[in-house]
1. Does Ala183 qualify as being among the small types (Gly, Ala, Ser) and either more than 30 Å from Thr117 (Cβ to Cβ) or modelled with pLDDT of 65 or more (or both)?
2. Looking at (1) under 25 Å from Val15 (Cβ atoms); (2) in contact with a Phe, Trp or Tyr (Cβ under 6 Å, 6 or more places away or on another chain); (3) not in a strand (DSSP E or B), can you tell me which one Ala149 breaks?
3. Val142: part of a helix (DSSP H, G or I) and open to solvent by 60 Å² or more (accessible area, probe 1.4 Å), yes or no?
4. For the condition over 30 Å from Glu154 (Cα atoms) and in the same structural domain as Ser212 (by the TED database), what is the one hit in Arg98, Arg14, Arg10, Arg81?
5. Which of the residues spanning region 106-120 are open to solvent by less than 30 Å² (accessible area, probe 1.4 Å) and farther than 15 Å from Ala49 by Cβ?
6. Within the set of pairs 6 or more residues apart or between chains, which connect a residue that is farther than 19 Å from Ala112 by Cα inside region 41-65 to a residue that is in a helix (DSSP H, G or I) and open to solvent by 90 Å² or more (accessible area, probe 1.4 Å) with Cβ atoms less than 7 Å apart?
7. Please verify whether Trp63 is within 25 Å of Thr126 (Cβ to Cβ) and in contact with a strand residue (DSSP E or B) (Cβ under 8 Å, 6 or more places away or on another chain), treating the condition exactly as stated.
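The values are calculated or read from the model by the stated rules, or taken from the named source; none is laboratory data. Keep in mind that what you see is a predicted model, and the values were worked out from it rather than measured. Note that each Cβ is placed from the backbone with ideal geometry, even for glycine, and that neighbours are counted across all protein chains shown. Just the protein is used for accessible areas: all its heavy atoms, side chains included, with ligands, DNA and RNA removed. Shrake-Rupley method; radii C 1.70, N 1.55, O 1.52, S 1.80 Å.
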Amino acid sequence: MPTTIAVTGRAEERVDPELGAVSLTVAANGADRDRVLASVGETHERVLAAIRDLESAGALESWSAGQLRVWSHRPWNDQGRQLPLVHQASADVEVVFRDLDALGAWVGPISATADVTVQGIDWRLTDATRARVQEAAQRTAVADAVRKAAVYAEALGLGTPAPTELADHGMLHAQPIPRAHKAVAMRAMAMDAADAGPTPEFAPAKLVVEASVDARFTAG
């Protein structure tokens, strides 16, 4: 009777990021509502003007700017007394760079601008590269599963294992096989591997694309 061998194959591919998405917020607060609005509005326009210049120079993949949000609240002091009304205004902006040198040169000065806070940098791949690297990881994960099954078969003194099932994460249906391996995900994910703090020089680590497959083989 043939022996069933269940394994999980895993692989990862490492690739340099191609895009850097900078998230920033233009915000201010104060007692004078008109002054707060004017300050945020002027800074927002200067930031957008700089972004349009970058776009014209071909440094950007895309960019977006959210609407200006305005609200007011009355804070409380440590004695439980409600303080005068405080007005706040903010607007979010995302700038996706394809020129990472331009990103480094731009983030330093923009982070030093009054009323501007750089929230972080998300390192990314283009869709085409992500698909290519994910496919490579999936192929390598399958090869890893085949290699593991061959090792187990040899250790048991069996012949070459023949594949019977291969599945993405969670799709290999449970069967009444003693001590069968639990299914593990096939996934592809890019992990941010660089500090998102405001600094004019960047050396982002490679992004990692991972894949895993579940497989069953028989050998006898």
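1. yes
2. Going through (1) under 25 Å from Val15 (Cβ atoms); (2) in contact with a Phe, Trp or Tyr (Cβ under 6 Å, 6 or more places away or on another chain); (3) not in a strand (DSSP E or B) one by one, Ala149 breaks only (1).
3. No.
4. Going through Arg98, Arg14, Arg10, Arg81 in turn, just one is over 30 Å from Glu154 (Cα atoms) and in the same structural domain as Ser212 (by the TED database): Arg14.
5. Correct list: Val107, Gly108, Val118, Gly120.
6. Pairs found: Trp63/Glu55.
7. Yes, satisfied.
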